[in-house]
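In what follows, a single structure is set out as structure tokens and then discussed.
The values are calculated or read from the model by the stated rules, or taken from the named source; none is laboratory data. This is a predicted model, so every value here is computed, not measured. Glycine also receives a Cβ, built like all others from the backbone with ideal geometry; neighbour counts cover every protein chain displayed. Surface accessibility is based on the protein's heavy atoms, side chains included, excluding ligands, DNA and RNA. Shrake-Rupley method; radii C 1.70, N 1.55, O 1.52, S 1.80 Å.
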Amino acid sequence: MNTNENSEQYSAPHTQALSTTPRRGFLKSVALAAAFCGVALAGAGQAQAATTWKIQSVWDAGTVGYDLFEEWANSMEEKSGGELIIKPYPAKSVAADNNALFEAVRNGVLQGMNPFTLYWSGKIPASVFLSSYPAGPDQPHMWDIMFYSMGMLEKTREIYKKYGLFYVGPIQHDANIIHSKKPVNSLADMEGMKMRVPGGMVAEVFQQFGVSTVSLPGSDIFPALEKGTIDAADYVGPAVNYELGFSQVTDYIMFGPPGVMSIYQPVDLMDLTVNLRAWNALDPELQQLVEDEVRIYSQKHYLTIQKRNIEAMEKFKEDGSKVTRLSQEDLEKFRKAAIPIWFNWAGKNEDARAILDIQLEYMMNETVGYLNEEDIKGM
């Protein structure tokens, strides 16, 4: 009996150990499985949480401009570790025209756009000073200095916020040039011509020299020149203009004096602008990535276009296009006509004046020396 009692005393704990071990193992297995499922579900959640932006460019499909933008947009998924997917669209594919594009981004139909900033002169008067304008800062680095070193980027974002938009940053593109059916060797030669130019300040300065100006989207320029409804057209630089077939419908290309491609818009800036709600929904680190990548893209876009310009000019010459140049004297006349128009646009609202003030500070500094007190006396 004692033996039996002892057996019970020793066998009971042993039996309990045997029964507990499988139970603990089972619970551990359940816990591990639950943890694994949690990780899997979290991973699935992260994959589903990837942000997708639809962004329409104003570049037509098949142009070097759109090819560059598409390549950049598609690269963002990998660069963001899958957190941001950008689906690029060429001109007119979602929004049919510029007005529709502006509203589509404001309303969230599109999350962003890649426009020429000057397109919004009728909506945002300050935008005439956010890309180069007649007789203003005419070198690409000047614009980067004003945006990134002198507070112009922050001021621009304040302005765009009023429209429910976030201005991510400028994108360097090119100088704009004019293609015409007849030679233009002086400002006087332009009198009476009907010319496609961007609106706003650029159009007003050309009107001072007897030009009848019209505004057309890039895709409508070729047929207008072909039909003769316009005599000449500004668009962008040689690379894209050649791809659009301008050598087939014009014979001349108007430049400024040697070393000056354009006297009216030598630094045509594009930008990346997104819906403000879409921007605010991004994690701050992802916002910083987008800002950094826009600056990198700006340089790549600019340098690629410049290389293509050199190649395109050879093709224009082969097709018979001839370059005509305005004189330094013409450049001075153009400048005198332009400066009062700057101040007219700056007077439209406080935002436009605030941007011009930043630029006047820069242009009047001795390191630049573009303006002096006499140039703006009485304005």
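Side notes on the structure shown:
- Along each principal axis, Cα extent of the stretch 174-237, largest first, Å: 28, 23, 20
- Cα-based shape type of the stretch 226-306, given that a ≥ b ≥ c are square roots of the gyration tensor eigenvalues and the cut on a/c is 1.5: prolate
- Calculated accessible area for the stretch 74-152 comes out at 37 Å² per residue, all protein chains present (probe 1.4 Å; ligands, DNA, RNA ignored).
- Using a simple spin-label model with pseudo-atoms 7 Å out from Cα toward Cβ, N344 and K377 lie 2.2 nm apart.
- Between the stretch 363-379 and the stretch 291-328, the alpha-carbon center distance in angstrom: 30
- Rg ratio for the stretch 103-198: its Cα radius of gyration over 2.2 N^0.38 Å, N being its residue count, equals 1.31.
- Cα-based reach from K79 at 13 Å (exclusive), listing aspartates and glutamates while leaving out same-chain residues under 8 positions away: E71, E285, E291, D292, E293
- Convex hull volume per residue, computed on the Cα atoms of the chain, equals 183 Å³.
- Restraint check, K182/K322; K123/K377; K181/K227; K194/K348, Cα-Cα greater than 19 Å: K123/K377; K194/K348
- Under 5 Å, built H, 5+ apart or other chain: amide partners of Y252: S180, K322
- Of the accessible area of the stretch 191-248, computed with a 1.4 Å probe over protein heavy atoms only, carbon and sulfur atoms account for 42 percent.
- Normalised by 2.2 N^0.38 Å, where N is the number of residues, the alpha-carbon radius of gyration of the stretch 259-325 equals 1.66.
- Theoretical FRET efficiency, 1/(1+(r/R0)^6), r = Cβ-Cβ of R325 and K194, R0 25 Å, to 0.05: 0.70
- Those residues of the stretch 78-103 whose amide nitrogen sits under 16 Å from the label point placed on Q288, 7 Å along Cα→Cβ: 80-81
- Computed extension length for A100-V368: 92.6 nm, one decimal, from 0.36 nm per residue of separation with the Cα-Cα distance subtracted.
- Computed from Cα positions, the angle between helix 284-318 and the longest principal axis of the chain comes to roughly 40 degrees.
- Average projected area [Cα convex hull, the stretch 252-379], square nanometres: 11.7
- Restricting the stretch 141-178 to trypsin sites (Lys or Arg not before Pro) in coil, as DSSP defines it, with at most 12 other Cβ within 10 Å: K162
- Set of aspartates and glutamates near K162 by C-alpha distance (under 19 Å), chain-local residues within fewer than 8 positions excluded: E103, E154, D271, E350, D351
- Using a probe of 1.4 angstrom and keeping all protein chains present, the accessible surface of the stretch 228-268 works out to 27 square angstrom per residue.
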